[in-house]
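Notes to accompany the following structure.
The values are calculated or read from the model by the stated rules, or taken from the named source; none is laboratory data. The structure presented is a predicted model; accordingly, all values stated were derived computationally and were not measured. Glycine gets a Cβ as well: all are built from the backbone with ideal geometry, and neighbour counts include every protein chain shown. Side chains are part of the model used for accessible areas, which takes the heavy atoms of the whole protein and leaves out ligands, DNA and RNA. Shrake-Rupley method; radii C 1.70, N 1.55, O 1.52, S 1.80 Å.
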Amino acid sequence: MTEKTQLTKEGYKKLEDELRNLIDFVREDVKKQLAEARAQGDLSENADYDAARARQAEVEGRISQIESILANAEIITEKKNAKGEKKIGIGSTVEVEYLDSHKTATYTIVGTVESDPFNGKISNVSPFGAALIGKKEGDEVEIKAGKTFNIKILKI
């Protein structure tokens, strides 16, 4: 059985939009490039044809990859415990304070497919994300990633 890919609603929608764009526009553009390259004649030494075939392989590979992800996707929603308290899970946006520097940062916990650390999207399986899963506001958490540091969860 194939393992489910955990995605937020936004991540699922983003992949759907990318798939539509690849199928409706990019694939058609690549077909035109192939036709133009074929019209040039001899394909054995035609760099334009080789480039168009390579681009076609990239596009078709990405289409296949996205279709597979979407077919096995599980959309994650934020959960609350019995007391109505929010606990951090995939899809949670969390404001934290680094206890050593007192700087704050905001992160969104996402599945591995959506991970983009440079834009504040932290994978749930990364040391940082895994340490936050299941915690609630006010908790202090020790993160062991390269070096160990402590944070406090300010807001979910």
Residue pairs within 7 Å by beta carbon, gap of at least six or interchain, first lying in the range 56-71 and touching a residue at least 60 places away in the same chain (Cβ under 8 Å), second in a helix (DSSP H, G or I), listed first then second, are 69/15
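Okay, residues lined up against (1) in contact with a Phe, Trp or Tyr (Cβ under 9 Å, 6 or more places away or on another chain); (2) surrounded by 14 or more Cβ atoms within 10 Å (Cβ to Cβ):
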{"residue": "14", "(1), (2)": "no, yes"}
{"residue": "22", "(1), (2)": "no, yes"}
{"residue": "34", "(1), (2)": "yes, yes"}
{"residue": "45", "(1), (2)": "no, no"}
{"residue": "51", "(1), (2)": "no, no"}
{"residue": "76", "(1), (2)": "no, yes"}
Expected output for the range 18-43 (first residue without any contact (Cβ under 8 Å) to a residue 12 or more places away in the chain, partner open to solvent by 50 Å² or more (accessible area, probe 1.4 Å) and not β-branched (Val, Ile, Thr), Cβ below 7 Å, 6+ apart or cross-chain) is 40/48
Of the residues in the range 112-134 that are within 12 Å of the chain's Cα centre (by Cα) and of a type in the set (Gly, Ala, Ser), the one that is surrounded by the most Cβ atoms within 10 Å (Cβ to Cβ) is 123
Residue 58 passes all but one of the listed conditions (1) open to solvent by 90 Å² or more (accessible area, probe 1.4 Å); (2) over 30 Å from residue 123 (Cβ atoms); (3) modelled with pLDDT of 90 or more; the exception is number (2)
(1) within 18 Å of residue 121 (Cβ to Cβ); (2) modelled with pLDDT of 95 or more all hold for residue 89 apart from (2)
Of the residues in the range 136-147, those that are open to solvent by 70 Å² or more (accessible area, probe 1.4 Å) and touching a strand residue (DSSP E or B) at 6+ places or on another chain (Cβ under 6 Å) come to 137, 140, 142
Legend entry - So residue 137, is it part of a loop (DSSP other than H, G, I, E, B) and farther than 30 Å from residue 16 by Cβ: yes
Would you say residue 52 is more than 30 Å from residue 110 (Cβ to Cβ) and not in a loop (DSSP other than H, G, I, E, B)? yes
Might you check whether a residue that is over 20 Å from the mean Cα position of the chain (by Cα) and assigned to a helix (DSSP H, G or I) occurs anywhere in the range 79-96? no
